[in-house]
1. Report, by chain and number, residues whose modeled amide H sits under 5 Å from the one on residue 466, excluding near sequence neighbours (fewer than 5 apart, same chain).
2. Are any of the pairs 600/667; 308/351; 259/290; 340/653 more than 29 Å apart by Cα-Cα distance, and if so, which?
3. Spelling out what I want: for every residue of segment 471-488, take phi, set θ = phi - 60°, compute 6.51 cos²θ - 1.76 cosθ + 1.60 (Karplus), and round to whole Hz; glycine and proline get x.
4. With a ≥ b ≥ c the root eigenvalues of the C-alpha gyration tensor of segment 509-580, is it rounded (a/c under 1.5), prolate (a/b larger than b/c) or oblate?
5. For a quick protection proxy, order the peptides 269-275, 157-163 by their average other-Cβ count within 10 Å, most packed first.
6. Arrange 659, 553 by Cβ neighbour counts within 10 Å, fewest through most, would you?
7. I need the phi-derived Karplus couplings for segment 630-639: 6.51 cos²θ - 1.76 cosθ + 1.60, θ = phi - 60°, integer Hz, Gly and Pro marked x.
8. Can you run phi through the Karplus equation (6.51, -1.76, 1.60; θ = phi - 60°) for segment 655-665 and list ³J(HN,Hα) in whole Hz, with x for Gly and Pro?
Amino acid sequence: MEKDIREHRLAGEIDRLERQYLVGREREIRLFLERLAAGPSAGSLINIYGTGGVGKSYLLDEFRRLSAAARVDFLLADCRALPLDPAGFCLQLLRSLRYPEQRLNNLRTDVRSLTDICLDAIREAAGDGKWVLALDTFEEIGELEAWLREQFLPQLGPDILIVVSGRVPLQGPWLVSPAWRQLIVRMPLEDLNYEAVKQYLGRSGIEREELVRQAWNRTRGHPLTLSLFVSTTLAQAVPPHSSAAIGNAFAQAVNVWLKEVPDAAVREAVEAAAVLRHFNQELLSFVLEKPVPTEQFLQLTGFSFVRKTDNGWMLHDMLRDAIGYELRQRMPGHYDRLWKRCVTFYYLAMKKTSPGQSAPWERADWVYYIGDRLVRTLFYQQFVRGSTEALHPGNWPEAERYVGNRLASARDVRIVGQDPESGERFEYFLKASDSVSPYRHLNLTELYRLDPGIVKLLRDARGQVCGMAAVVPIHERTLDYLLARPPFSAYFSSLSKPELERLRTPREQAAGYFVMFIEVSDYSDSTLCHAAGLTFIQYMLSAGLMVTTSPAIPFFHAIFRGLGFERVKEVVHYEYGDGRPTPYFVLDTRGTKLRDYLNKMIALAGIPQDRHDRDERFNLLSRREREVVELLIQGRSNLEIANALFLSEATVKKHISNIYGKLQVKKRAQLLHLLGERPPSSGR
């Protein structure tokens, strides 16, 4: 008896502690309580879904506690432990309902009889009130799903609240049925936001703001990884930013996610997708240097940790980092090869387009791959939900309040980050006066009259103003203003007359942009830095010329260098009121300068130009055709190539014909010359 009391008390204490660490799920809890109190005639099916480790089972435990508090019976069945045939399912449920074992042994085993008995037992347990049946890990239910949907669940009655939890939402036949469409209440689970992460860490005894931001940056609010991260930090007494804490949490998170991916070929595709920010079938095939079959690609995009975007598909942020980290440790050469293939893909895409023609996401992805580690760490560490909004009379008071608050409450800031690849930390110091210096010359009315689109407000996910941008387009309507007003005038006055005339383009075809500033309220907040950085990158390569200036402090100048900007020689201004000369930085991609810029950046990425030019030719060929070309370079005859590749000689001739056609050559000597190779001495 005492043992039962102790166990009951222990279970109660565990429940209390687990509830304490449940954060960020207020909306889901409110919805469940509404359904629980809706009365016996308002039957519905709550469908919880989300990627592995997002907290579905943890939330079900809270639903169980809430049901107990409301004196409602709650039966939870884990589909991984259920027999996957209707008779076995019914017997398992009857045992969970404490159906007498002796009577179970005497039951008939035909499905119809067992189904009726099981349904009667549930109705008896429910009585005149509510009753909850929850099915967890529903992705493991297999062929039993059709029987549950068509035979079992429809007979439960409106007094039974059904909860189905799995990695993917109920779809297909569930949505074909008008009845199920009406009854299903979708409950997608997302990662925790920053405030929820901060709350969780506070309850774990981690309250220092710097440590909270580090944990947020490393885990992206993924609940399982956050829990592993904290447990590793506390149990092993290692700093939250150490490679040990990161590696342990990442390794365990990867194992949870990749349980969905038993197939080796698909896992290879997942690893390649982890190196990409966005992917589609074409890009994945390019990076892997072999065709990705459509069936395999559809399997990949069906996983719970893959989501569709306007730009293709992408892995869950945390999984992409976790797999990337693990792959870099295990196969650094392979990871480097995949990364350089990504650089090459976007290099080719950018070369084929003139400035302004490539999609914004392509520009952002190109910068991700060619930017240095500071750029990737600051601007690409999490998916940011927010928006930019042009200044207009309706939001003018908000803009003025924001500027006033920034000038009044500016403070010194330490900007701390960590490179996700090397684990190397960086730190910059930004003085309060430097962070608000651009506002000293800000005249909202003047800029609005010049062009209503110059000033934009940056809003966070809640719609609050968190930053401001002032970007002046360069064209015939703005050039005289830029020549006359600080801080623009020193740069434009240094240009020759032919150069200035080249900038007098029609208004609808801006020659470039002058970025006065893109500023956020708190530079120590990585989410805000990310939003500002992507806003800056949206302007990069969208026009031929981009000019900017900033106080002479290392943080901003390091970003400009990392993006490939060049400092303008011997031209400065003194308009920020501190007496220091302030330089200009320029990125010029007009005409042939785009190719020069691209070549410079791929060289910085570690891809030699001569090798890259040859690789570019090869990119037109299939994997088999490239193998044939490699053997042709070695001077092999058609017969020797056939023997080496286990092909017929006729097939080799067909491959060579295709190669000639794609590379627009007519004979072997021309092919070798095109690839920069000498013809073989044998003359074959």
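1. Close amide H contacts, sequence-distant or interchain: 458, 459, 460.
2. 600/667; 340/653
3. 10, 9, x, 9, 7, 4, 7, 10, 5, 5, 4, 5, 6, 9, 10, x, x, 7
4. Taking the square roots of the gyration eigenvalues as a ≥ b ≥ c, segment 509-580 is oblate.
5. Most protected by this proxy first, the peptides run 269-275, 157-163.
6. Going from sparsest to densest Cβ surroundings: 553, 659.
7. Karplus-based 3J(HN,Hα) across segment 630-639 equals 4, 6, 4, 4, 6, x, 6, 7, 4, 5 Hz.
8. 4, 5, 4, 5, 4, 4, x, 5, 9, 6, 10
Readers should treat all values here as calculations from the given coordinates under stated rules, not as data from a laboratory. The structure displayed is predicted, hence computed values, not measured ones. Glycine also receives a Cβ, built like all others from the backbone with ideal geometry; neighbour counts cover every protein chain displayed.
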